[in-house]
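Please read the structure below before turning to the comments.
Throughout, read-outs are computed from the coordinates displayed, never taken from laboratory work. Because the structure is a prediction, the values reported are computed rather than measured. Ideal geometry is used to build each Cβ from the backbone, glycine not excepted, and the neighbour counts take in all protein chains shown.
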Amino acid sequence: MCHPLADVLEDVAAAIGRLDSLDHAKTLVTAALSKGLSATEIVERGVRPGLEMVGKKYEADEYFLSELLYAGSLVSDLLAMLKPSMRDQLLERKGTIVLGTVRGDIHDIGKNIFKMLAESAGFEVHDLGVDVESSAFISEIKRSSPKVLGLSALLTTTRAEMKNTVDALQAAEVRDGLKILLGGNAVNREFANEIGADAAALDAVEGLENCKMWVKK
């Protein structure tokens, strides 16, 4: 059956939202690629909305931790499938990004989507993972001299740790010349301004656009 492009993306989102099998989700992603949709479009208009459905069902107690973990595994496999499509062209290195989810938070789906997009755009990404201490960010910044530090948090209870990390960077004298990008459902632009970060991204594409703008300057 031949679907319009929007329908294919809606099918991808619905499959994730329903927690369909990996094989079925991969079939839909393959169909989207075959219709000429880019991996970025599939992620932002298919995978991300699907994850949002899962998140809403989890908040409404329709899904529980086991479903949340399955959704994370499903999306990780889909991202791995899409990654080669985003690296078909040789890309000039644009700069280095250090990335991690702050201490006290172990969520990484949004971070991983941003990482994939950034790498596909030519950035070198040093991903420190989840539950990252401010000292680990400082050590990596000293080691790799990135242009951008990406801090992620999903839980509102870990917003304070973002501020602690920014303050620690200042105290360690590694803040100058470094752009700090916040990401995750726990943050917004007002909070970024409040703690002295440079920007807060509402999604991975917006975060990537910020990084591209910063390396041009």
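Compute the length gained on full extension between F64 and S21: take 0.36 nm times their separation in residues and subtract their Cα-Cα distance, giving the result in nm to one decimal.
Gain on stretching F64 to S21: 13.7 nm.
Take the chain, connect every pair of alpha-carbon atoms lying under 10 Å apart with a spring to form a Gaussian network, then pick out the residue of H24, H126, H107 with the largest mean-square fluctuation.
Looking only at H24, H126, H107, the biggest GNM fluctuation is shown by H24.
Under 1.5 on a/c is rounded, so check that first for region 29-140, then, if it is not, pick prolate when a/b is larger than b/c and oblate when it is not; a ≥ b ≥ c are the square roots of the alpha carbon gyration tensor eigenvalues.
It comes out oblate by the Cα gyration axes.
For the pair A172 and K83, how long in nm is the line joining their label points, each one 7 Å along Cα→Cβ?
Those two pseudo-labels are separated by 2.6 nm.
Toward the positive end of the charge dipole of the chain, about the Cα centre and with charges on Cβ (Lys, Arg +1; Asp, Glu -1), which of I97, A60, A14 goes farthest?
Going by the Cα projections, it comes out as I97.
Please sort 154-167, 58-71 by packing, taking for each peptide the average over its residues of neighbouring beta carbons within 10 angstrom, highest first.
Most protected by this proxy first, the peptides run 154-167, 58-71.
From the helices alone, meaning DSSP H stretches of at least four residues, give me the mean residue ellipticity at 222 nm for the chain, per-run term -39500 (n - 2.57), in deg cm²/dmol to the nearest 500.
-16500 deg cm²/dmol
Sketch the reach of a paramagnetic label on E194 as a point 7 Å from Cα along Cα-to-Cβ, and name the residues of region 129-168 whose backbone nitrogen lies under 17 Å away.
Once the point is set 7 Å along Cα→Cβ of E194, 152-167 turn out to lie under 17 Å by backbone N, inside region 129-168.
Kindly express, to the nearest 10 degrees and within the range 0 to 90, the angle between helix 65-82's C-alpha long axis and the longest C-alpha principal axis of the chain.
Computed tilt is about 90 degrees.
What FRET efficiency, computed as 1/(1 + (r/R0)^6) with R0 = 25 Å and r the Cβ-Cβ distance, is obtained for S73 and V130, rounded to the nearest 0.05?
E between S73 and V130, to the nearest 0.05, is 0.95.
Counting Lys and Arg as +1 and Asp and Glu as -1, what is the net charge of the other residues whose Cβ lies under 12 Å from the Cβ of A153?
0
If r is the Cβ-Cβ distance from K35 to K212 and R0 is 30 Å, what FRET efficiency results, to the nearest 0.05?
0.65
Quickly rank 168-179, 183-194 as a protection proxy: mean count of other C-beta atoms within 10 Å, highest first.
Result, highest mean Cβ count within 10 Å first: 183-194, 168-179.
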